[in-house]
Structure formats: structure tokens, C-alpha cells
Amino acid sequence: MMAITKIWRFADWVLKLETSNSRPMYEMECVSCDATSGVAEEPTGPQDWALKHAGRTQHTLFRALHTCFFHAVPKTVRE
Ligand SMILES: [Zn+2]
């Protein structure tokens, strides 16, 4: 009788930052009210908005949101 062995390999996966199609997104939210800066690709616009909002309203606490995208890709096996 012939023995048949099946070998299953499960690749390890790694996360790779996606920069070509999906740019990072930055946004600032005021914690005191519901005002937001709107989404931008650079942090400077939302930060400027927060400073102007503080000057207008005396609201001084902000939540910074930074969204970026990752691809899960099989880890390259080095032997
Ligand atoms: Zn506010």
C-alpha cells in the first residue's frame, strides 16, 4: 500500500502600507462641539482649522484622526 502525504502550507501574512492608490487622510474634530475640519491629505490644513476654531470659540481640545490603508500580502519566504 502506497502512503500518500499531503503537505499544507499556510503562508504568513504581513501588512504593507498602501500609498499608490489610497492616500492617508487627516481630520481634526472639536471635542467641545461637533465641528470638524473636513478630510485632507496633509495634516497642516486640519491643524490650521483647529487653531482658527480655538480662536473663534475658545474650544481648546481636539481629536486628531489619521487614516491610512494597508494591504495584507503573503510574507516572502527566505530559505
Ligand atoms: Zn468647537
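The values are calculated or read from the model by the stated rules, or taken from the named source; none is laboratory data. For clarity, every value in this text was computed on a predicted model and none was experimentally measured. Neighbour counts run over all protein chains shown; Cβ positions are idealised from the backbone, glycine included. Protein only, heavy atoms only, side chains kept; ligands, DNA and RNA dropped before computing areas. Shrake-Rupley method; radii C 1.70, N 1.55, O 1.52, S 1.80 Å.
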Quick check: net charge around MET28, other residues with Cβ under 15 Å of its Cβ, Lys/Arg +1 and Asp/Glu -1? -3
Expected unfolding gain across LYS16-LYS52 under the 0.36 nm per residue rule, minus the alpha-carbon gap, is 9.4 nm
Scaled radius of gyration (Cα, divided by 2.2 N^0.38 Å) that segment 25-74 gives: 1.35
FRET efficiency, SER32 to THR67 (Cβ-Cβ, R0 22 Å, nearest 0.05): 0.45
Magnitude of the Cβ-charge dipole of segment 25-74, K/R +1 and D/E -1, about the Cα centre, nearest 20 debye? 160 debye
Probe 1.4 Å, all protein chains in place: accessible area of ASP12 in Å², nearest 10? 100 Å²
